[in-house]
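Just below is one structure, and these are the notes that go with it.
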Amino acid sequence: MKSYKYLFILILFTGIMACSNQTKRTEGEARDFLQSLEKEVMPVYARWNASYFTATASGKDEDYNRVSDNELAYSKILADRVKFEKIKNYLKNPAIKDSLLRRELLVWHNNMIKYQVDTAKLKKLIDAQVAVEKK
């Protein structure tokens, strides 16, 4: 009977360790994914903001066209359905326990959800937005 107790404790301990390793692995994958997404988005976002500053300072049409192009490039990254689905799956995954990581995933999800539309409609919307800002 005593050996069964030890066997039960050993199995329980092994199960807990396996769950812990799964959590660490999943959280690590999510962090790596978010870092790669950030590395992809930040240069485009910086270019978009710099072009917007230039356009508002100069008022030239070609500068506003650059704003439109840069905003479209930014939007295309955030409109990527594969990346969006990956973020949604990480959010649904109960293995991710880290509250800061969950919050980061939620922020990215909320930023990306508004871009999950047809790219032609998105282009029209961006062009209309830039046309209004020109005035």
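Points to keep in mind about this one:
- Net length gained if the chain between LYS76 and SER58 were fully extended (0.36 nm per residue, minus Cα distance): 3.8 nm
- Stretchable slack from GLU40 to THR119, in nm (0.36 nm times residue separation minus alpha-carbon distance): 26.6 nm
- Here the label points at LYS24 and LYS134, each 7 Å from Cα along the C-beta direction, are separated by 5.7 nm in the simple model.
- For the pair ASP69 and ASN110, a Förster radius of 22 Å applied to the C-beta separation gives a FRET efficiency near 0.30, rounded to the nearest 0.05.
- Centre-to-centre, using Cα atoms only, segment 62-135 and segment 22-46 are separated by 15 Å.
Laboratory data are not the source of any read-out in this text; all were calculated from the coordinates shown. Bear in mind that the values here come from a model prediction, so they are computed numbers and not experimental data. No Cβ is skipped: glycine too gets one built from the backbone with ideal geometry, and neighbour counts run over all protein chains shown.
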